[in-house]
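K.L.:
The following block contains the structure, expressed as C-alpha cells.
The values are calculated or read from the model by the stated rules, or taken from the named source; none is laboratory data. Here the structure is a predicted model, which is why all the values come from computation and not from measurement. Quick reminder, even Gly has a Cβ in these numbers, built from the backbone with ideal geometry, and neighbours come from all protein chains shown.
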Amino acid sequence: MPAFSLDPPQSAWCAELRALAAERLRPLAEKDEPGHVNRALVAELGQLGLLERLFTSGAVDLCLMRESLAYACTEAETALALQGLGAHPVHAHGTPAQRERWLPRVADGTAIAAFALSEPAAGSDAAALELRAEAGASEPIAEPEGGARWRLTGEKCWISNAPEADFYTVFARTTPGAGARGVTAFLVPADRPGLTGTGLDMLSPHPIGALSFDAVPVTADDVLGEVDRGFRVAMGTLNLFRPSVGAFAVGMAQAALDATLTHTAERDAFGGKLKDLQSVAHQVAEMALRTEAARLMVYAAATAYDEGAADVPKRAAMAKLLATETAQYVVDQAVQLHGARALRRGHLLEHLYREVRAPRIYEGASEVQRGIIAKELYATREAAQ
C-alpha cells in the first residue's frame, strides 16, 4: 500500500472546497433552524456538483470532500454525508428503476435520503435488528404496482434526517432467528401508508428521529440487492463511509489546531506569547502529530477501498476509530488552551466541541470498531495457519 499524499490538483480542489464552504455554504447553514433538514443548503451542494460526485468518485475523493467541507462548515459536510449514506445502497444495489427515480433527485439536492439501520434495542449491534418484514396481504398499493409481498412492522431510532427525509434505506428482518443472514434492505418512500416519524431532541444541527412502521407495504420492487442479503448492503455501505467519518473528524481537528496556532501565537501571557511556554508548545505539537497520524490512516483506508483490498473492514474500522478519538482529544485540548472564550456561544471551538462528540458513536461506536479490528485480526491469523 503506497503512502498517501495529495497531488497538486487534489490540493487545489481541497482549497476550493474550503473556500466554497466558507463563502457559499456557511451563510446558508447559519440561516437555518437547527434540528431540521436545511433544504437550501442541500440544494446548493447539488448546484455545486458535490452531491453528484458521491456517485461518480471513489472513497478518497469522498474523504477529501468531507474533510475540506468540515474544516469550514460542518453542517454542509454532514448534509453531503447523509445524502451519500442514505443513497449509496440505491447506487450500489438498486434496480434501474430505483436508480432512475431517486439518484438524479439526490444528486441535485431535491430529494433527501436517510439510512435507517439503528433500532431502540439494536444500535451498534446491527445483526440484532428486530423490524419485521412479514408476508403481506394482497391489497394493492399505489407504488410500486402489485400487491404487498411484505409488511414492515416495528421501529427504527436515531435515524439522521428522520422524519423529514423523502425516502429511507430500511433494513428489516425477513427470516426470524437467522441473525445477519436474515436481513433484507428495502427502499421505502416516506409517503408509504403506515410509515410515521417523530423528531428527537438531540445535540445535533440536523434532524434525528424515530420511525414507526405499522404494516408498511413493500414489494420485490423495493428490495435493494437480494432478499436475506441486506446485511452485506449495510456493511458495504459502512465500509465506504466509516473512513469518511474519519475524514470529517480530521477536518474538525485541523480547524481546531489552526485556531489554536493563531491563538497561542497572538495571546500575551506571562511576559511573552502563550506559544513561548514549553508546556503549550508541546501540547500543540501533540495535537498536530495526532491529527496527521489520523489523516494518514483515513486516506490509507480510503485507498484500500478504492483498490479493492481484502482488509477494508479492518482498515475502515481503524480509520474511524483513530480519527474520531483523535478529533475529540484535539478539540478538547484546543478548548483548554483557549480558556473561557472557547465556551462562549458562537465561538468556533464551542461549535466543534458539540459537533465532535457524536462521530465516536454513530456508524458503529468506538467499542464496536475495536471489536471489528480484533475479529479481522484473528480471522487473518486463522486463515494463515
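K.L.:
Against the condition closer than 28 Å to SER204 by Cα and buried (at least 18 other Cβ atoms within 10 Å of the Cβ), how does LEU322 come out, does it pass?
P.N.:
Yes: the conditions hold for LEU322.
K.L.:
Still on this model: Of the numbered conditions (1) among the small types (Gly, Ala, Ser); (2) within 30 Å of ALA122 (Cβ to Cβ); (3) buried (at least 21 other Cβ atoms within 10 Å of the Cβ), ALA334 fails exactly one; give the number of that condition.
P.N.:
(2)
Residues are listed down the side, and each one gets a yes or a no for (1) touching a residue at least 60 places away in the same chain (Cβ under 8 Å); (2) of a type in the set (Asp, Glu):
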position: GLU52; (1), (2): no, yes
position: THR56; (1), (2): no, no
position: CYS63; (1), (2): yes, no
position: ALA72; (1), (2): yes, no
position: ALA76; (1), (2): no, no
position: GLN83; (1), (2): no, no
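K.L.:
Specify which of the listed residues (GLU67, GLU77, GLU119, GLU134) is surrounded by fewer than 22 Cβ atoms within 10 Å (Cβ to Cβ) and not assigned by TED's automatic domain parsing to the domain that holds GLY251.
P.N.:
Only one candidate passes the filter, namely GLU134.
K.L.:
Please report, ordered by residue number, the strands (runs of 3 or more DSSP E) entirely within region 140-254 with at least 2 residues that are hydroxyl-bearing (Ser, Thr, Tyr) and over 20 Å from the mean Cα position of the chain (by Cα).
P.N.:
Here the list reads 195-199.
K.L.:
Another question about this same structure. Determine, yes or no, whether ILE372 is more than 30 Å from ALA269 (Cα to Cα), of a type in the set (A, V, I, L, M) and either modelled with pLDDT of 95 or more or buried (at least 19 other Cβ atoms within 10 Å of the Cβ) (or both).
P.N.:
Here the answer is yes, as ILE372 does meet what is asked.
K.L.:
Out of region 155-172, which residues are buried (at least 24 other Cβ atoms within 10 Å of the Cβ) and farther than 16 Å from THR237 by Cβ?
P.N.:
ALA162
K.L.:
Which ones in region 282-298 are farther than 25 Å from CYS63 by Cβ and surrounded by 13 or more Cβ atoms within 10 Å (Cβ to Cβ)?
P.N.:
Selection gives GLN283 alone.
K.L.:
Next question, about the same structure. Out of the helices (runs of 4 or more DSSP H) lying entirely within region 273-365, which hold 3 or more residues that are assigned by TED's automatic domain parsing to the domain that holds GLU376, more than 30 Å from PHE231 (Cα to Cα) and among the charged types (D, E, K, R)?
P.N.:
So the answer is 278-306.
K.L.:
Here is a further query. I'm trying to understand the selection: among the residues of region 73-106, which are under 17 Å from the mean Cα position of the chain (by Cα) and either at pLDDT below 95 or among the hydrophobic types (A, V, I, L, M, F, W, C) (or both)?
P.N.:
Answer for region 73-106, where residues must be under 17 Å from the mean Cα position of the chain (by Cα) and either at pLDDT below 95 or among the hydrophobic types (A, V, I, L, M, F, W, C) (or both): CYS73, ALA76, ALA79, LEU80, ALA81, LEU82, LEU85, ALA87, VAL90, ALA92, VAL106.
K.L.:
Let me ask you something else. Exactly one of (1) at pLDDT below 95; (2) touching a Pro at 6+ places or on another chain (Cβ under 7 Å); (3) within 18 Å of GLY236 (Cα to Cα); (4) not basic (Lys, Arg) is unmet by GLY136. Its number?
P.N.:
Unmet for GLY136, out of (1) at pLDDT below 95; (2) touching a Pro at 6+ places or on another chain (Cβ under 7 Å); (3) within 18 Å of GLY236 (Cα to Cα); (4) not basic (Lys, Arg): (3).
K.L.:
Could you tell me which of the residues ARG242, ARG229, ARG181 is under 30 Å from LEU41 (Cα atoms) and among the basic types (Lys, Arg)?
P.N.:
ARG242
K.L.:
How about region 263-272: which of its residues are surrounded by fewer than 16 Cβ atoms within 10 Å (Cβ to Cβ) and assigned to a helix (DSSP H, G or I)?
P.N.:
If the condition is that a residue be surrounded by fewer than 16 Cβ atoms within 10 Å (Cβ to Cβ) and assigned to a helix (DSSP H, G or I), then ALA265, GLU266 are the ones that fit.
K.L.:
Still on this model: Could you tell me which residue of region 186-227 is surrounded by the most Cβ atoms within 10 Å (Cβ to Cβ), considering only residues that are touching an Asp or Glu at 6+ places or on another chain (Cβ under 9 Å) and charged (D, E, K, R)?
P.N.:
Among residues in region 186-227 that are touching an Asp or Glu at 6+ places or on another chain (Cβ under 9 Å) and charged (D, E, K, R), the one surrounded by the most Cβ atoms within 10 Å (Cβ to Cβ) is ARG192.
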